[in-house]
(Lines give C-alpha, C1' and ligand atoms only; values in the text may rest on other atoms or scores of the structure.)
Protein backbone atom coordinates (compact mmCIF):
# COMPACT_ATOMS: atom_id res chain seq x y z
CA UNK A 1 0.00 0.00 0.00
CA UNK A 2 1.02 3.64 -0.46
CA UNK A 3 1.02 4.80 3.15
CA UNK A 4 -0.36 8.03 4.52
CA UNK A 5 2.25 10.00 6.44
CA UNK A 6 0.36 10.11 9.70
CA UNK A 7 2.50 12.55 11.68
CA UNK A 8 3.12 14.82 8.71
CA UNK A 9 -0.61 14.82 7.95
CA UNK A 10 -1.43 15.53 11.58
CA UNK A 11 0.83 18.58 11.65
CA UNK A 12 -0.46 19.80 8.28
CA UNK A 13 -4.10 19.60 9.36
CA UNK A 14 -3.28 20.91 12.82
CA UNK A 15 -1.31 23.85 11.46
CA UNK A 16 -4.05 25.00 9.11
CA UNK A 17 -6.67 24.39 11.79
CA UNK A 18 -4.64 26.51 14.20
CA UNK A 19 -4.63 29.34 11.68
CA UNK A 20 -8.38 28.97 11.23
CA UNK A 21 -8.96 29.00 14.99
CA UNK A 22 -6.78 32.08 15.47
CA UNK A 23 -8.77 33.90 12.79
CA UNK A 24 -11.88 32.54 14.50
CA UNK A 25 -10.86 34.29 17.70
CA UNK A 26 -10.32 37.51 15.78
CA UNK A 27 -13.77 37.05 14.27
CA UNK A 28 -15.45 36.32 17.61
CA UNK A 29 -13.65 39.18 19.36
CA UNK A 30 -14.85 41.56 16.63
CA UNK A 31 -18.41 40.25 16.88
CA UNK A 32 -18.53 40.65 20.65
CA UNK A 33 -16.95 44.09 20.47
CA UNK A 34 -19.36 45.30 17.76
CA UNK A 35 -22.57 43.51 18.81
CA UNK A 36 -22.11 42.84 22.53
CA UNK A 37 -24.08 39.93 23.98
CA UNK A 38 -27.54 41.33 23.25
CA UNK A 39 -30.29 40.27 20.81
CA UNK A 40 -28.24 40.65 17.61
CA UNK A 41 -25.42 38.50 18.97
CA UNK A 42 -27.74 35.83 20.33
CA UNK A 43 -29.63 35.71 17.01
CA UNK A 44 -26.32 35.35 15.16
CA UNK A 45 -25.27 32.49 17.47
CA UNK A 46 -28.48 30.53 16.84
CA UNK A 47 -28.53 31.24 13.10
CA UNK A 48 -24.87 30.30 12.66
CA UNK A 49 -25.22 27.18 14.79
CA UNK A 50 -28.19 25.91 12.74
CA UNK A 51 -26.34 25.15 9.46
CA UNK A 52 -23.31 24.03 11.45
CA UNK A 53 -25.42 21.45 13.26
CA UNK A 54 -26.53 20.00 9.95
CA UNK A 55 -22.99 20.32 8.58
CA UNK A 56 -21.71 18.09 11.36
CA UNK A 57 -24.58 15.73 10.66
CA UNK A 58 -24.00 15.43 6.89
CA UNK A 59 -20.38 16.45 6.47
CA UNK A 60 -17.78 15.81 9.16
CA UNK A 61 -20.22 13.51 10.93
CA UNK A 62 -22.50 10.84 9.55
CA UNK A 63 -21.85 10.90 5.82
CA UNK A 64 -18.08 11.21 5.88
CA UNK A 65 -17.72 8.60 8.62
CA UNK A 66 -19.30 6.15 6.18
CA UNK A 67 -17.90 7.57 2.93
CA UNK A 68 -14.20 7.97 3.82
CA UNK A 69 -13.50 4.32 4.82
CA UNK A 70 -15.34 2.97 1.77
CA UNK A 71 -13.65 5.42 -0.59
CA UNK A 72 -10.24 4.75 1.01
CA UNK A 73 -10.59 1.00 0.50
CA UNK A 74 -11.69 1.45 -3.12
CA UNK A 75 -8.76 3.79 -3.69
CA UNK A 76 -6.38 1.26 -2.12
CA UNK A 77 -7.82 -1.61 -4.17
CA UNK A 78 -8.22 0.35 -7.43
CA UNK A 79 -11.99 -0.35 -7.49
CA UNK A 80 -13.26 2.70 -9.45
CA UNK A 81 -13.04 5.29 -6.64
CA UNK A 82 -14.04 8.12 -9.03
CA UNK A 83 -17.31 6.46 -9.97
CA UNK A 84 -18.13 5.74 -6.34
CA UNK A 85 -17.40 9.35 -5.36
CA UNK A 86 -19.50 10.70 -8.26
CA UNK A 87 -22.50 8.62 -7.18
CA UNK A 88 -22.05 9.73 -3.56
CA UNK A 89 -21.77 13.39 -4.60
CA UNK A 90 -24.97 13.20 -6.65
CA UNK A 91 -26.92 11.53 -3.85
CA UNK A 92 -25.68 13.91 -1.16
CA UNK A 93 -26.38 17.00 -3.30
CA UNK A 94 -29.96 15.84 -3.95
CA UNK A 95 -30.66 15.33 -0.25
CA UNK A 96 -29.07 18.65 0.72
CA UNK A 97 -30.99 20.70 -1.85
CA UNK A 98 -34.24 19.27 -0.56
CA UNK A 99 -33.21 19.84 3.05
CA UNK A 100 -32.26 23.46 2.36
CA UNK A 101 -35.60 24.28 0.75
CA UNK A 102 -37.59 22.66 3.56
CA UNK A 103 -35.50 24.28 6.30
CA UNK A 104 -35.85 27.79 4.88
CA UNK A 105 -39.63 27.37 4.70
CA UNK A 106 -39.83 25.95 8.23
CA UNK A 107 -37.32 28.35 9.80
CA UNK A 108 -39.61 29.73 12.56
CA UNK A 109 -40.22 26.20 13.84
CA UNK A 110 -36.54 25.35 13.64
CA UNK A 111 -35.63 28.43 15.68
CA UNK A 112 -38.29 27.52 18.23
CA UNK A 113 -36.80 24.03 18.46
CA UNK A 114 -33.33 25.49 18.98
CA UNK A 115 -34.16 28.31 21.39
CA UNK A 116 -37.76 28.35 22.56
CA UNK A 117 -36.75 30.78 25.30
CA UNK A 118 -36.46 33.44 22.58
CA UNK A 119 -40.21 33.29 21.85
CA UNK A 120 -41.84 36.70 22.18
CA UNK A 121 -38.48 38.49 22.26
CA UNK A 122 -36.64 40.56 19.68
CA UNK A 123 -34.03 37.87 19.07
CA UNK A 124 -36.63 35.36 17.84
CA UNK A 125 -37.53 37.34 14.72
CA UNK A 126 -33.89 38.17 14.13
CA UNK A 127 -32.97 34.50 14.44
CA UNK A 128 -35.56 33.53 11.80
CA UNK A 129 -34.28 36.21 9.42
CA UNK A 130 -30.63 35.35 9.98
CA UNK A 131 -31.32 31.61 9.81
CA UNK A 132 -32.86 31.85 6.34
CA UNK A 133 -29.84 33.77 5.07
CA UNK A 134 -27.24 31.48 6.64
CA UNK A 135 -28.78 28.04 6.07
CA UNK A 136 -27.69 27.53 2.41
CA UNK A 137 -24.15 27.35 3.82
CA UNK A 138 -24.87 23.73 4.77
CA UNK A 139 -25.33 22.76 1.10
CA UNK A 140 -21.94 24.04 -0.04
CA UNK A 141 -19.93 23.10 3.03
CA UNK A 142 -21.29 19.53 3.11
CA UNK A 143 -20.40 18.96 -0.54
CA UNK A 144 -17.01 20.53 0.21
CA UNK A 145 -16.60 18.02 3.06
CA UNK A 146 -17.08 15.13 0.63
CA UNK A 147 -14.36 16.60 -1.56
CA UNK A 148 -12.18 16.94 1.56
CA UNK A 149 -12.75 13.27 2.30
CA UNK A 150 -11.47 12.32 -1.15
CA UNK A 151 -8.33 14.39 -0.68
CA UNK A 152 -7.71 13.08 2.83
CA UNK A 153 -8.11 9.47 1.70
CA UNK A 154 -5.33 10.03 -0.82
CA UNK A 155 -3.04 11.60 1.78
CA UNK A 156 -3.49 15.17 0.50
CA UNK A 157 -4.46 17.18 3.56
CA UNK A 158 -3.38 20.76 2.87
CA UNK A 159 -6.26 22.08 0.72
CA UNK A 160 -8.96 20.43 2.83
CA UNK A 161 -7.40 21.79 6.02
CA UNK A 162 -6.94 25.27 4.55
CA UNK A 163 -10.53 25.64 3.31
CA UNK A 164 -12.05 26.58 6.72
CA UNK A 165 -9.70 29.57 6.86
CA UNK A 166 -11.80 31.13 4.08
CA UNK A 167 -14.89 31.28 6.29
CA UNK A 168 -13.17 33.43 8.88
CA UNK A 169 -11.50 35.59 6.23
CA UNK A 170 -14.88 36.32 4.63
CA UNK A 171 -16.61 37.03 7.96
CA UNK A 172 -13.84 39.30 9.24
CA UNK A 173 -13.73 41.09 5.87
CA UNK A 174 -17.50 41.57 5.83
CA UNK A 175 -17.55 43.10 9.31
CA UNK A 176 -14.58 45.36 8.56
CA UNK A 177 -16.23 46.55 5.34
CA UNK A 178 -19.51 47.23 7.14
CA UNK A 179 -17.77 49.29 9.82
CA UNK A 180 -15.75 51.23 7.25
CA UNK A 181 -18.81 51.94 5.08
CA UNK A 182 -21.14 52.57 8.02
CA UNK A 183 -23.35 49.60 7.12
CA UNK A 184 -25.25 46.99 9.13
CA UNK A 185 -22.54 44.83 10.75
CA UNK A 186 -24.86 42.01 11.81
CA UNK A 187 -26.40 41.52 8.39
CA UNK A 188 -23.07 41.83 6.60
CA UNK A 189 -21.81 39.09 8.91
CA UNK A 190 -24.73 36.77 8.17
CA UNK A 191 -24.64 37.26 4.40
CA UNK A 192 -20.93 36.44 4.37
CA UNK A 193 -21.62 32.92 5.69
CA UNK A 194 -23.19 31.38 2.53
CA UNK A 195 -20.74 33.32 0.32
CA UNK A 196 -17.87 31.73 2.24
CA UNK A 197 -19.46 28.30 1.73
CA UNK A 198 -19.39 28.80 -2.05
CA UNK A 199 -15.73 29.86 -1.88
CA UNK A 200 -14.75 26.78 0.14
CA UNK A 201 -16.55 24.48 -2.29
CA UNK A 202 -14.84 26.05 -5.32
CA UNK A 203 -11.41 25.78 -3.69
CA UNK A 204 -11.84 22.08 -2.95
CA UNK A 205 -13.38 21.27 -6.34
CA UNK A 206 -10.25 22.70 -7.98
CA UNK A 207 -8.02 20.76 -5.55
CA UNK A 208 -9.80 17.48 -6.31
CA UNK A 209 -9.35 18.04 -10.03
CA UNK A 210 -5.65 18.81 -9.58
CA UNK A 211 -5.28 15.63 -7.47
CA UNK A 212 -6.31 13.62 -10.53
CA UNK A 213 -9.83 12.62 -9.51
CA UNK A 214 -12.46 12.70 -12.25
CA UNK A 215 -15.57 13.65 -10.28
CA UNK A 216 -18.54 14.03 -12.63
CA UNK A 217 -21.88 15.73 -11.82
CA UNK A 218 -24.69 13.31 -12.62
CA UNK A 219 -28.16 12.18 -11.64
CA UNK A 220 -28.29 10.17 -8.41
CA UNK A 221 -28.27 6.36 -8.84
CA UNK A 222 -29.09 3.69 -6.29
CA UNK A 223 -26.24 1.31 -7.14
CA UNK A 224 -25.22 -1.63 -4.91
CA UNK A 225 -22.32 0.47 -3.61
CA UNK A 226 -24.71 3.31 -2.76
CA UNK A 227 -27.02 0.88 -0.95
CA UNK A 228 -24.04 -0.27 1.10
CA UNK A 229 -23.08 3.34 1.80
CA UNK A 230 -26.61 4.13 2.96
CA UNK A 231 -26.71 1.07 5.23
CA UNK A 232 -23.44 2.11 6.85
CA UNK A 233 -24.34 5.81 6.95
CA UNK A 234 -27.75 5.48 8.60
CA UNK A 235 -26.44 4.42 12.05
CA UNK A 236 -23.73 7.09 11.75
CA UNK A 237 -26.43 9.60 10.82
CA UNK A 238 -28.46 8.60 13.86
CA UNK A 239 -25.35 8.96 16.01
CA UNK A 240 -24.77 12.38 14.48
CA UNK A 241 -28.38 13.22 15.26
CA UNK A 242 -27.80 12.25 18.87
CA UNK A 243 -24.84 14.64 19.08
CA UNK A 244 -27.00 17.43 17.70
CA UNK A 245 -29.72 16.62 20.22
CA UNK A 246 -27.11 17.19 22.92
CA UNK A 247 -26.38 20.63 21.46
CA UNK A 248 -30.08 21.33 21.13
CA UNK A 249 -30.80 20.42 24.75
CA UNK A 250 -27.94 22.59 25.98
CA UNK A 251 -29.04 25.58 23.93
CA UNK A 252 -32.67 25.15 24.96
CA UNK A 253 -31.69 25.23 28.63
CA UNK A 254 -29.37 28.20 28.10
CA UNK A 255 -32.04 30.16 26.19
CA UNK A 256 -34.04 30.53 29.44
CA UNK A 257 -31.16 32.41 31.11
CA UNK A 258 -30.25 35.95 30.06
CA UNK A 259 -27.11 36.05 27.86
CA UNK A 260 -26.32 32.37 28.56
CA UNK A 261 -26.51 31.34 24.90
CA UNK A 262 -23.80 33.85 24.03
CA UNK A 263 -21.64 32.97 27.06
CA UNK A 264 -21.65 29.26 26.29
CA UNK A 265 -20.99 29.89 22.61
CA UNK A 266 -17.93 32.05 23.41
CA UNK A 267 -16.62 29.41 25.84
CA UNK A 268 -17.19 26.74 23.21
CA UNK A 269 -15.09 28.71 20.75
CA UNK A 270 -12.18 28.84 23.20
CA UNK A 271 -11.96 25.13 23.99
CA UNK A 272 -12.52 24.34 20.33
CA UNK A 273 -9.02 25.71 19.62
CA UNK A 274 -7.08 22.75 21.09
CA UNK A 275 -9.88 20.36 20.12
CA UNK A 276 -9.70 21.45 16.50
CA UNK A 277 -5.94 21.65 16.25
CA UNK A 278 -5.38 18.26 17.89
CA UNK A 279 -8.53 16.12 18.15
CA UNK A 280 -10.21 16.88 14.87
CA UNK A 281 -6.88 16.80 13.03
CA UNK A 282 -6.19 13.31 14.40
CA UNK A 283 -9.62 12.07 13.38
CA UNK A 284 -9.23 13.46 9.87
CA UNK A 285 -5.85 11.79 9.32
CA UNK A 286 -6.33 8.58 11.31
CA UNK A 287 -9.59 7.38 9.72
CA UNK A 288 -8.32 6.97 6.11
CA UNK A 289 -5.00 5.64 7.38
CA UNK A 290 -6.62 2.90 9.47
CA UNK A 291 -9.05 2.07 6.66
CA UNK A 292 -6.27 1.56 4.13
CA UNK A 293 -4.11 -0.43 6.57
CA UNK A 294 -7.02 -2.74 7.36
CA UNK A 295 -7.61 -3.22 3.63
CA UNK A 296 -3.91 -4.16 3.29
CA UNK A 297 -4.09 -6.37 6.45
CA UNK A 298 -1.37 -4.31 8.12
CA UNK A 299 -2.47 -4.84 11.74
CA UNK A 300 0.92 -3.98 13.20
CA UNK A 301 1.01 -0.67 11.36
CA UNK A 302 -2.58 0.08 12.37
CA UNK A 303 -1.82 -0.44 16.07
CA UNK A 304 1.30 1.70 15.86
CA UNK A 305 -0.55 4.46 13.99
CA UNK A 306 -3.31 4.47 16.62
CA UNK A 307 -0.79 4.64 19.48
CA UNK A 308 1.31 7.40 17.94
CA UNK A 309 -1.78 9.47 17.12
CA UNK A 310 -3.01 9.11 20.71
CA UNK A 311 0.44 9.89 22.08
CA UNK A 312 0.97 13.16 20.25
CA UNK A 313 -2.68 14.19 20.76
CA UNK A 314 -2.73 13.73 24.51
CA UNK A 315 0.76 15.19 24.88
CA UNK A 316 -0.76 18.46 23.64
CA UNK A 317 -4.31 18.08 24.95
CA UNK A 318 -3.70 17.32 28.63
CA UNK A 319 -1.64 20.48 29.30
CA UNK A 320 -4.13 22.54 27.28
CA UNK A 321 -6.96 21.21 29.47
CA UNK A 322 -5.02 22.10 32.64
CA UNK A 323 -4.40 25.62 31.32
CA UNK A 324 -8.11 26.11 30.55
CA UNK A 325 -8.94 25.11 34.12
CA UNK A 326 -6.20 27.17 35.83
CA UNK A 327 -6.19 30.46 33.88
CA UNK A 328 -9.58 30.78 32.12
CA UNK A 329 -10.16 34.36 33.28
CA UNK A 330 -6.97 35.84 31.77
CA UNK A 331 -7.58 33.93 28.53
CA UNK A 332 -11.17 35.16 28.16
CA UNK A 333 -10.31 38.69 29.30
CA UNK A 334 -7.62 39.18 26.68
CA UNK A 335 -9.51 37.48 23.86
CA UNK A 336 -13.05 38.78 24.33
CA UNK A 337 -13.31 41.66 26.83
CA UNK A 338 -13.51 44.81 24.75
CA UNK A 339 -16.14 47.08 23.28
CA UNK A 340 -19.62 45.94 24.31
CA UNK A 341 -18.28 42.83 26.10
CA UNK A 342 -17.93 43.55 29.84
CA UNK A 343 -16.00 42.08 32.75
CA UNK A 344 -19.19 40.35 33.88
CA UNK A 345 -19.31 38.56 30.53
CA UNK A 346 -15.66 37.58 31.00
CA UNK A 347 -16.33 36.10 34.44
CA UNK A 348 -19.28 34.05 33.17
CA UNK A 349 -17.47 32.78 30.06
CA UNK A 350 -14.42 31.86 32.16
CA UNK A 351 -16.50 29.58 34.38
CA UNK A 352 -17.79 27.70 31.33
CA UNK A 353 -14.27 27.49 29.86
CA UNK A 354 -12.95 25.84 33.03
CA UNK A 355 -15.73 23.25 32.95
CA UNK A 356 -15.18 22.51 29.26
CA UNK A 357 -11.47 22.16 30.06
CA UNK A 358 -12.30 19.19 32.27
CA UNK A 359 -13.88 17.51 29.27
CA UNK A 360 -11.27 18.42 26.66
CA UNK A 361 -9.28 15.15 26.92
CA UNK A 362 -12.54 13.23 26.53
CA UNK A 363 -13.50 15.16 23.40
CA UNK A 364 -10.08 14.36 21.88
CA UNK A 365 -10.16 10.70 22.94
CA UNK A 366 -13.46 10.31 21.12
CA UNK A 367 -11.77 11.46 17.90
CA UNK A 368 -9.06 8.85 18.46
CA UNK A 369 -11.31 5.92 19.37
CA UNK A 370 -14.14 6.41 16.85
CA UNK A 371 -11.96 5.64 13.78
CA UNK A 372 -11.41 2.15 15.24
CA UNK A 373 -15.09 1.50 14.56
CA UNK A 374 -15.64 3.58 11.43
CA UNK A 375 -12.60 2.15 9.63
CA UNK A 376 -14.31 -1.25 9.91
CA UNK A 377 -17.60 0.26 8.70
CA UNK A 378 -19.02 -0.42 12.17
CA UNK A 379 -21.32 2.54 12.78
CA UNK A 380 -23.98 0.77 14.83
CA UNK A 381 -22.14 0.49 18.11
CA UNK A 382 -21.00 4.15 18.16
CA UNK A 383 -24.66 5.04 17.64
CA UNK A 384 -25.71 2.96 20.66
CA UNK A 385 -23.00 4.59 22.76
CA UNK A 386 -24.09 8.04 21.57
CA UNK A 387 -27.65 7.34 22.68
CA UNK A 388 -26.45 6.55 26.20
CA UNK A 389 -24.34 9.73 26.17
CA UNK A 390 -27.38 11.72 25.00
CA UNK A 391 -29.54 10.45 27.86
CA UNK A 392 -26.83 11.36 30.36
CA UNK A 393 -26.41 14.82 28.82
CA UNK A 394 -30.13 15.61 28.73
CA UNK A 395 -30.76 14.35 32.25
CA UNK A 396 -27.93 16.42 33.69
CA UNK A 397 -28.57 19.58 31.66
CA UNK A 398 -32.27 19.68 32.53
CA UNK A 399 -31.93 18.28 36.04
CA UNK A 400 -29.08 20.57 37.13
CA UNK A 401 -30.49 23.79 35.63
CA UNK A 402 -32.76 24.58 38.62
CA UNK A 403 -29.81 23.97 40.96
CA UNK A 404 -26.76 25.52 39.24
CA UNK A 405 -28.46 27.68 36.60
CA UNK A 406 -27.14 28.47 33.15
CA UNK A 407 -23.87 26.53 33.59
CA UNK A 408 -25.74 23.19 33.67
CA UNK A 409 -25.30 22.50 29.91
CA UNK A 410 -21.50 22.82 30.18
CA UNK A 411 -21.39 20.40 33.13
CA UNK A 412 -23.65 17.96 31.30
CA UNK A 413 -21.57 18.13 28.09
CA UNK A 414 -18.36 17.37 29.97
CA UNK A 415 -19.72 14.41 31.94
CA UNK A 416 -21.47 12.95 28.88
CA UNK A 417 -18.19 13.16 26.92
CA UNK A 418 -16.39 11.03 29.50
CA UNK A 419 -19.24 8.52 29.47
CA UNK A 420 -18.89 8.26 25.69
CA UNK A 421 -15.12 7.64 25.99
CA UNK A 422 -15.69 4.87 28.53
CA UNK A 423 -18.17 3.16 26.22
CA UNK A 424 -15.95 3.48 23.13
CA UNK A 425 -12.94 2.14 25.02
CA UNK A 426 -14.88 -0.83 26.33
CA UNK A 427 -16.42 -1.61 22.95
CA UNK A 428 -13.08 -1.43 21.11
CA UNK A 429 -11.78 -4.37 23.14
CA UNK A 430 -13.68 -6.74 20.86
CA UNK A 431 -11.27 -5.91 18.03
CA UNK A 432 -8.41 -7.51 19.93
CA UNK A 433 -4.81 -6.41 20.24
CA UNK A 434 -4.85 -4.21 17.12
CA UNK A 435 -7.21 -1.79 18.90
CA UNK A 436 -5.05 -1.48 22.03
CA UNK A 437 -2.45 1.17 22.74
CA UNK A 438 1.11 -0.14 22.72
CA UNK A 439 3.61 -0.32 25.60
CA UNK A 440 5.29 2.95 24.70
CA UNK A 441 2.02 4.86 24.94
CA UNK A 442 1.06 3.28 28.25
CA UNK A 443 4.44 4.16 29.76
CA UNK A 444 4.28 7.77 28.61
CA UNK A 445 0.70 8.78 29.37
CA UNK A 446 1.32 8.95 33.12
CA UNK A 447 4.42 11.05 32.57
CA UNK A 448 2.36 13.48 30.49
CA UNK A 449 -0.10 13.79 33.38
CA UNK A 450 2.73 14.45 35.86
CA UNK A 451 4.29 17.10 33.58
CA UNK A 452 0.87 18.75 33.16
CA UNK A 453 0.35 18.81 36.94
CA UNK A 454 3.75 20.51 37.41
CA UNK A 455 2.78 23.04 34.74
CA UNK A 456 -0.57 23.64 36.45
CA UNK A 457 1.14 24.43 39.75
CA UNK A 458 3.51 26.84 38.01
CA UNK A 459 0.61 28.53 36.22
CA UNK A 460 -1.35 28.93 39.44
CA UNK A 461 1.53 30.65 41.26
CA UNK A 462 2.32 32.81 38.23
CA UNK A 463 -1.34 33.80 37.87
CA UNK A 464 -1.48 34.91 41.50
CA UNK A 465 1.74 36.88 41.11
CA UNK A 466 0.65 38.59 37.89
CA UNK A 467 -2.98 39.20 38.90
CA UNK A 468 -2.47 42.98 39.49
CA UNK A 469 -1.30 43.35 35.89
CA UNK A 470 -4.19 41.25 34.54
CA UNK A 471 -6.61 43.93 35.70
CA UNK A 472 -4.91 46.68 33.68
CA UNK A 473 -6.14 46.77 30.05
CA UNK A 474 -2.80 47.79 28.56
CA UNK A 475 -0.84 45.16 30.52
CA UNK A 476 -3.10 42.12 30.58
CA UNK A 477 -2.12 40.90 27.10
CA UNK A 478 1.56 41.00 28.07
CA UNK A 479 0.78 39.27 31.37
CA UNK A 480 -1.10 36.53 29.50
CA UNK A 481 1.85 36.03 27.16
CA UNK A 482 4.12 35.64 30.19
CA UNK A 483 1.71 33.09 31.67
CA UNK A 484 1.62 31.11 28.43
CA UNK A 485 5.40 31.22 28.17
CA UNK A 486 5.80 29.95 31.74
CA UNK A 487 3.33 27.17 31.07
CA UNK A 488 4.99 26.01 27.86
CA UNK A 489 8.52 26.09 29.26
CA UNK A 490 7.46 24.27 32.42
CA UNK A 491 5.47 21.60 30.62
CA UNK A 492 7.82 20.80 27.75
CA UNK A 493 10.89 21.03 29.99
CA UNK A 494 9.41 18.66 32.57
CA UNK A 495 7.97 16.35 29.92
CA UNK A 496 11.33 16.02 28.20
CA UNK A 497 13.19 15.44 31.46
CA UNK A 498 10.90 12.63 32.62
CA UNK A 499 10.55 11.03 29.18
CA UNK A 500 6.96 11.98 28.38
CA UNK A 501 7.97 13.64 25.12
CA UNK A 502 11.01 13.21 22.92
CA UNK A 503 11.32 16.15 20.52
CA UNK A 504 13.70 14.19 18.31
CA UNK A 505 11.10 11.50 17.72
CA UNK A 506 8.62 14.06 16.42
CA UNK A 507 11.22 15.41 14.00
CA UNK A 508 12.03 11.91 12.80
CA UNK A 509 8.35 11.08 12.33
CA UNK A 510 7.82 14.14 10.16
CA UNK A 511 10.69 13.07 7.94
CA UNK A 512 9.64 9.49 7.40
CA UNK A 513 7.84 8.30 4.34
CA UNK A 514 5.78 5.86 6.40
CA UNK A 515 3.37 6.72 9.20
CA UNK A 516 3.06 4.85 12.46
CA UNK A 517 6.43 3.13 12.21
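Per-structure values
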quantity: Filtered residue count, region 192-229, keeping only those that are surrounded by 15 or more Cβ atoms within 10 Å (Cβ to Cβ), at pLDDT below 85 and in a helix (DSSP H, G or I); calculated: 3
quantity: Tally, over region 451-471, of residues that are assigned to a helix (DSSP H, G or I), farther than 15 Å from residue 485 by Cα and without any contact (Cβ under 8 Å) to a residue 12 or more places away in the chain; calculated: 4
quantity: Residue that is farther than 12 Å from residue 270 by Cα and either under 19 Å from the mean Cα position of the chain (by Cα) or in contact (Cβ under 8 Å) with a residue 40 or more places away in the chain (or both), where the choices are 336, 363, 329; calculated: 363
quantity: Test: residue 468 is out of contact with any helix residue (DSSP H, G or I) (no Cβ under 8 Å at 6 or more places or on another chain), at pLDDT below 75 and under 30 Å from residue 337 (Cβ atoms); calculated: no
quantity: Residue in region 331-340 that is under 24 Å from residue 446 (Cβ atoms) and modelled with pLDDT under 85 present; calculated: no
quantity: Residue 89 being buried (at least 20 other Cβ atoms within 10 Å of the Cβ) and under 22 Å from residue 247 (Cβ atoms); calculated: no
quantity: Single match in 327, 280 (criterion: modelled with pLDDT under 75 and either closer than 26 Å to residue 150 by Cα or in contact with a helix residue (DSSP H, G or I) (Cβ under 9 Å, 6 or more places away or on another chain) (or both)); calculated: 280
quantity: Residue within region 153-161 that is surrounded by fewer than 18 Cβ atoms within 10 Å (Cβ to Cβ) and farther than 30 Å from residue 23 by Cα present; calculated: no
quantity: Candidates 138, 179 - the one that is surrounded by fewer than 20 Cβ atoms within 10 Å (Cβ to Cβ) and in contact (Cβ under 8 Å) with a residue 40 or more places away in the chain; calculated: 179
quantity: Matching entry among 426, 413 (being closer than 30 Å to residue 252 by Cβ and either out of contact with any strand residue (DSSP E or B) (no Cβ under 6 Å at 6 or more places or on another chain) or surrounded by 14 or more Cβ atoms within 10 Å (Cβ to Cβ) (or both)); calculated: 413
quantity: Top-ranked residue in region 366-379 [being assigned to a helix (DSSP H, G or I) and touching a residue at least 60 places away in the same chain (Cβ under 8 Å); ranked as nearest to the chain's Cα centre (by Cα)]; calculated: 367
quantity: Unique match (being part of a helix (DSSP H, G or I) and buried (at least 19 other Cβ atoms within 10 Å of the Cβ)) among 402, 382; calculated: 382
quantity: Qualifying positions in region 476-498 - at pLDDT below 90, in contact with a helix residue (DSSP H, G or I) (Cβ under 6 Å, 6 or more places away or on another chain) and surrounded by fewer than 17 Cβ atoms within 10 Å (Cβ to Cβ); calculated: 477
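The values are calculated or read from the model by the stated rules, or taken from the named source; none is laboratory data. Just so we're clear, the structure is a prediction, and the values are computed from it rather than from any experiment. With ideal geometry, Cβ positions are generated from the backbone for all residues, glycine too; neighbour counts draw on all protein chains shown.
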